[in-house]
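Below is one structure, written out as structure tokens, with a few remarks after it.
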Amino acid sequence: MSDRGLERVVGSKLGMRMLFAGMARRYRPEQSGGFNGEIEFELSTARGAEKWTVTCGEDSAIARPGASGEPAVQLRAKLAASLRVGTGEIDGPTAVLSGKLGVQGDFG
């Protein structure tokens, strides 16, 4: 699907809520390497930047709209690029090196 098509499908308020709720449901603490903290996502859309925070705990994760107060990691990307990384269509390190994905904070 084109970037524009992805943004039309996922970029709405409802689409973003579903995306991040699904991300929180799929969180597996046993695969987190002991990470606990907040991950802030800043995704560029046609409406502007959308910020979401996923708080990862010992047992579960919770997603909410808005910026994090103290993110352990900040990810910035166009919505379509972040979806492509999330689905494995684009390799994460390749996305960072090519400038499609910006990462600040705890890379581990």
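Scan the range 30-41 and tell me whether some residue there is closer than 28 Å to M1 by Cα, of a type outside the set (F, W, Y) and not in a loop (DSSP other than H, G, I, E, B).
So in the range 30-41, the residues closer than 28 Å to M1 by Cα come out as 39-41.
After this cut, where a residue has to be of a type outside the set (F, W, Y) as well, the list is 39-40.
With the extra rule that they be not in a loop (DSSP other than H, G, I, E, B), the set shrinks to 39-40.
Scanning the range 30-41 turns up at least one residue that is closer than 28 Å to M1 by Cα, of a type outside the set (F, W, Y) and not in a loop (DSSP other than H, G, I, E, B).
Just give me the residues in the range 31-65 being out of contact with any helix residue (DSSP H, G or I) (no Cβ under 8 Å at 6 or more places or on another chain) and over 20 Å from L83 (Cβ atoms), in sequence order.
Q31, S32, G33, G34, F35, N36, G37, E38, T55
Which of (1) assigned to a loop (DSSP other than H, G, I, E, B); (2) in contact with a strand residue (DSSP E or B) (Cβ under 9 Å, 6 or more places away or on another chain); (3) under 23 Å from G99 (Cα atoms) does V54 not meet, given it meets every other one?
With respect to (1) assigned to a loop (DSSP other than H, G, I, E, B); (2) in contact with a strand residue (DSSP E or B) (Cβ under 9 Å, 6 or more places away or on another chain); (3) under 23 Å from G99 (Cα atoms), V54 is out only on (1).
Could you count how many residues in the range 65-102 are surrounded by fewer than 16 Cβ atoms within 10 Å (Cβ to Cβ) and either hydrophobic (A, V, I, L, M, F, W, C) or in a strand (DSSP E or B) (or both)? Explain how you work it out, then say what you get.
Residues of the range 65-102 that are surrounded by fewer than 16 Cβ atoms within 10 Å (Cβ to Cβ), as a first pass: 65-67, 69-70, 86-89, 91-94, 97-99, 102.
Those left that are additionally either hydrophobic (A, V, I, L, M, F, W, C) or in a strand (DSSP E or B) (or both): 65, 67, 97, 102.
Final tally of qualifying residues: 4.
Just checking, how many residues over the range 54-64 are open to solvent by 20 Å² or more (accessible area, probe 1.4 Å) and among the aliphatic types (A, V, I, L, M)?
Residues in the range 54-64 being open to solvent by 20 Å² or more (accessible area, probe 1.4 Å) and among the aliphatic types (A, V, I, L, M): 2 in total.
The values are calculated or read from the model by the stated rules, or taken from the named source; none is laboratory data. Just so you know, these numbers come straight off a predicted model, no measurement behind them. So basically every Cβ, Gly included, is an ideal-geometry build from the backbone, and we count neighbours across all protein chains shown. Surface accessibility is based on the protein's heavy atoms, side chains included, excluding ligands, DNA and RNA. Shrake-Rupley method; radii C 1.70, N 1.55, O 1.52, S 1.80 Å.
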